[in-house]
Every structure is written in structure tokens, then in C-alpha cells.
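**Q** Before we start, here is the structure in question, set down as C-alpha cells.
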């Protein structure tokens, strides 16, 4: 017996399984988070082999878009279901002739659909993935007794039933769009996934799981024979890590919804220039804060040795030139907003470095964001990139502008600890990762961060990234 006229996705999955164990909200949410991370990594690996002339996949999710990696957001078709749609009319200084958040005005790559207020599906977070290689459904459901359940399935029949339950809702609210969406879903035939795909997902899932408490009680002899990743600079309490993860998730979800709706509005061709300018500011601010929350979430994940091992496994030779071309304009824009100037000095040819392509830009931008927030208006920042032996050195140096006067000794910014991972700067109201957690992030992407205090200038931050072997040979580096 269903709770409503249509089954929720958790009810669909419950029917296909003998038992679904309820557990604490924190445990179920942890299962949901690590499964999403494993799904994201599986999709990234899958899309690297996809043909460029065809749509690689479709994702139906609630209550907000779930993936943030550009490899996915720029290639996947996405449809978001929400019980509390964002009202874009509240941003507009004039009356729009028709409702904005209708599907007919949305491009196929980015659509938002409402759920009816009485629908219990509004209490569920879910993700349906359709690709040529596999179909997958993940559901996190909240129950009236305060407990939560998480379940997932690769079974084609189960995913098909989940789509029928979801498609029936689309038929109720927007039958025209249902016809288009159903055609799109059927492009990905419901065939059983290759066993290697399921095994790969399981391995990715295990890599994302935090280290079990029981592993810490192994004998010394056994531990001595097993190579492990270096421990984090600090060992924060588990509750501290979980609180940071929950905080980042709760902030990121509504911001992602706002950004999605803002980008839908920007696709309209009948908006005045001043409205477009305001929407672009909203989009930029949302993106900046979403990236900050992603970095906080990643820092919390890296407090487990399993997460460090997973991140290290993704280190690969990459072009730093491409990363800097994307990053430098954002750094300069961030400096300009705070009345700072920024110059970047680069060598004629940037060598290839070994790092994590999915994280390097994010970590560098996060460091630059915190760096600019700690400087007084009128300061100048120089970013100097030079080879240094078998490494590439990237140094951030502040230079205070004193209008011809001798510079006064720079006072380090006042920072107060918030738990074991965060710090608070009272002068600016900024919350950011502390130095130890930031250093740990750079260790995870194969680099090293050194922070020094210079009396006349303040903090100088230096990042070292290992060079790829061929780049070392070109630069004449000897081992």
C-alpha cells in the first residue's frame, strides 16, 4: 500500500529488496554522500570513452543538481525535481508576462520540474542515471519516525520502475515535456550493466568510505607491514568532520538551486541589460560560494586515510598552463572586488606537473580567495611561477602600497579557531580552512604548501608541485 497515489522511489526500491534497514539520519546521509561521490567518479571515467557526437547520459535528481565537475555539468542532460521551487520573480524589478520556471523555456541540458505539495517524493533525495553502459538509481528517504534509509540499484527493471513512478509525475504536471523526456530516457536501453562496471562502482564506493573504527585496533605488527598514506596534520574528532560535511551540504544545496534558476533566466532573450547584469552577479556569487563549500567538504573527506588514498590514485601529468589560463582572470576579478591589484609572472613555457586535475584549480582558487581576504585594501599581490629543481614553485607575495612612504611592519591577521578544521577572521567575518587543513589538501593533490611571515609584507605562501619526468628532462633536472 503506497503512501500516496503514486509510489515514491524509496517504495519502489523497497519492493525490489527483501529488507531495507532503517538507521540514524547521520549514517544514511553518509551512505548517500559516499555513493554520490562514487557515482560521480564512475561517470567521469565513463564519459572519457563517450563519443563526442552523442549525448553521453541523462541525470534526474532532487532536490538540486548533484554533480559539480565540469566534465559532467557540460555534457550530461539534467532534470531537477523540487518540492519548493525557487521563485525567480522575486529578483525581477518588473512584471514578467508569463511564468519563468516552465519547462518549455528550459533547454534540454538543464530543466527544473516542480513536485506537487502533497507528494511524499518531496521528502526524498534521489538520483537516476541513464547511460549507454549502465542505469542506476540512488534514494535517500526520510521517514515520519525520524529515521532515514538509503538504497540503490543497478537492476534495469528496478530503474525502469523508478522512472515510471517519476515519469507519471511529469505526466501530471507537464504532459508535453513528458513525451520529450520519455524519448530521451528510452535512448538508453535497459540492459544489465557489465559486471566490471558494478565492480568498479564497488571499488570507488569503498575508496570513499571513511576508515572503520575497528581498523585502528589492529596489531602493531600487522600495521607495520602495510604501507599507508601519511596521516593528516591533525586528527579532528569525527563529530567535527561530520558537522563540517553537513554544513557544506546544507549551504551548497540551496545555492545550487538558485544558480540553476538564475542560469535558466539568463537564457531568456527578452531581459533588459540591467537585469542580465544583476543575474550574472548572482550567478558569480553562487558559484564562488558553491566552490568554497565544495572545498570545505573535500577537506573534511580527506581526514580519512581512505579518501587520501583515493585522491592520490587520481594524480596524473597535466598542463598547468590550461589551469592558469582559466584561473588567473578569476583571481584578478576577486582582487579587484576587494580593491587589490594582482600581477602574475609566468615563465615562457610552463612545464607539465603531476597533480589531480579535478582538484588543482579548486584548491588554488580557494587559497587565493582566503589570501586576498586577509589583505587590507590597496595591497598589491604578486604571483610568481618558476621551476625549482624537480618541482614547480608558485609563490603568493603581498606588497602593501604606501604612496612613497616606508612600509610599516605588517601585522598578521587575527584568526580564531573553529573546531579542528576551520578558522574565523573577526575583521572580515571570513570563515575558511585553517593552515593545517589547507596543507593537507595540497598534500592530497601531490603538492606542498609553505607559509612564512615576513615583517614588511605579511604572509607569503609558496606552493610546490612535482614536475612530470619528461618536463624534468627538458629543464635539465638531474636526479
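**Q** When the residues of region 18-35 are narrowed to those that are farther than 19 Å from residue 145 by Cβ and crowded, with 20+ Cβ neighbours inside 10 Å, which ends up modelled with the highest pLDDT?
**A** 35
**Q** Something else now. How many residues does region 243-262 contain that are surrounded by fewer than 18 Cβ atoms within 10 Å (Cβ to Cβ) and modelled with pLDDT of 85 or more?
**A** Looking only at that region, the number is 0.
**Q** Quick check on my filter: what residues within region 143-159 are farther than 18 Å from residue 194 by Cα and either surrounded by 17 or more Cβ atoms within 10 Å (Cβ to Cβ) or not assigned by TED's automatic domain parsing to the domain that holds residue 25 (or both)?
**A** The answer is 148, 149, 150, 151.
**Q** Considering only region 170-192, state which residues are touching a residue at least 60 places away in the same chain (Cβ under 8 Å) and either assigned to a helix (DSSP H, G or I) or closer than 19 Å to residue 126 by Cβ (or both).
**A** Within region 170-192, 173, 174, 176, 177, 180, 181, 184, 185, 188 meet the criteria.
**Q** Pairs, please: C-beta under 6 Å, at least 6 apart or cross-chain, first residue more than 17 Å from residue 391 (Cβ to Cβ) and in region 457-471, second modelled with pLDDT under 90 and not in a strand (DSSP E or B)?
**A** Cβ pairs passing all conditions: 457/410; 458/410.
**Q** Tell me which of these residue 202 doesn't satisfy, since it passes every other one: (1) touching a residue at least 24 places away in the same chain (Cβ under 8 Å); (2) surrounded by fewer than 17 Cβ atoms within 10 Å (Cβ to Cβ); (3) under 24 Å from the mean Cα position of the chain (by Cα).
**A** Single failed check for residue 202: (1).
**Q** Here is a check on your reading of the model: is residue 207 modelled with pLDDT under 85 and surrounded by 14 or more Cβ atoms within 10 Å (Cβ to Cβ)? Can you show your working first?
**A** Details: modelled with pLDDT under 85: yes; surrounded by 14 or more Cβ atoms within 10 Å (Cβ to Cβ): yes.
Criteria met by residue 207.
**Q** Among the candidates 184, 140, which residue alone is assigned by TED's automatic domain parsing to the domain that holds residue 47, in contact with a strand residue (DSSP E or B) (Cβ under 8 Å, 6 or more places away or on another chain) and surrounded by fewer than 19 Cβ atoms within 10 Å (Cβ to Cβ)?
**A** Answer to the check: 184.
**Q** Among the residues of region 351-363, is there at least one that is loosely packed, with under 13 Cβ neighbours inside 10 Å, in the same structural domain as residue 323 (by TED's automatic domain parsing) and at pLDDT 80 or above?
**A** no
**Q** So which residues in region 332-346 are touching a strand residue (DSSP E or B) at 6+ places or on another chain (Cβ under 6 Å) and either farther than 29 Å from residue 423 by Cα or surrounded by 14 or more Cβ atoms within 10 Å (Cβ to Cβ) (or both), if there are any at all?
**A** Listed by number, the residues that qualify are 332, 335, 340, 341, 342, 344, 345, 346.
**Q** Restricting to region 41-61, and then to whatever is in a helix (DSSP H, G or I) and modelled with pLDDT of 80 or more, can you tell me which residue is surrounded by the fewest Cβ atoms within 10 Å (Cβ to Cβ)?
**A** Quick first cut of region 41-61, residues in a helix (DSSP H, G or I) only: 41-47.
Now narrow it down to the ones that are modelled with pLDDT of 80 or more: 41-45.
Details: 41: 21, 42: 22, 43: 25, 44: 15, 45: 13.
Top of the filtered list is 45.
Conditions tested, residue by residue: (1) at pLDDT 90 or above; (2) in contact with a helix residue (DSSP H, G or I) (Cβ under 6 Å, 6 or more places away or on another chain); (3) in a strand (DSSP E or B); (4) over 15 Å from residue 39 (Cα atoms).
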site: 111; (1), (2), (3), (4): no, yes, yes, yes
site: 116; (1), (2), (3), (4): no, no, no, yes
site: 122; (1), (2), (3), (4): no, no, no, yes
site: 126; (1), (2), (3), (4): yes, yes, yes, no
site: 139; (1), (2), (3), (4): yes, yes, yes, no
site: 145; (1), (2), (3), (4): no, no, no, yes
site: 162; (1), (2), (3), (4): yes, yes, no, yes
site: 168; (1), (2), (3), (4): yes, no, no, yes
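**Q** Among the residues of region 368-382, which ones are modelled with pLDDT of 90 or more and either buried (at least 20 other Cβ atoms within 10 Å of the Cβ) or in a loop (DSSP other than H, G, I, E, B) (or both)?
**A** 381
The values are calculated or read from the model by the stated rules, or taken from the named source; none is laboratory data. Quick caveat, the model's predicted, so the values are computed rather than measured. Cβ: placed from backbone, ideal geometry, glycine included. Neighbour counts: every protein chain shown.
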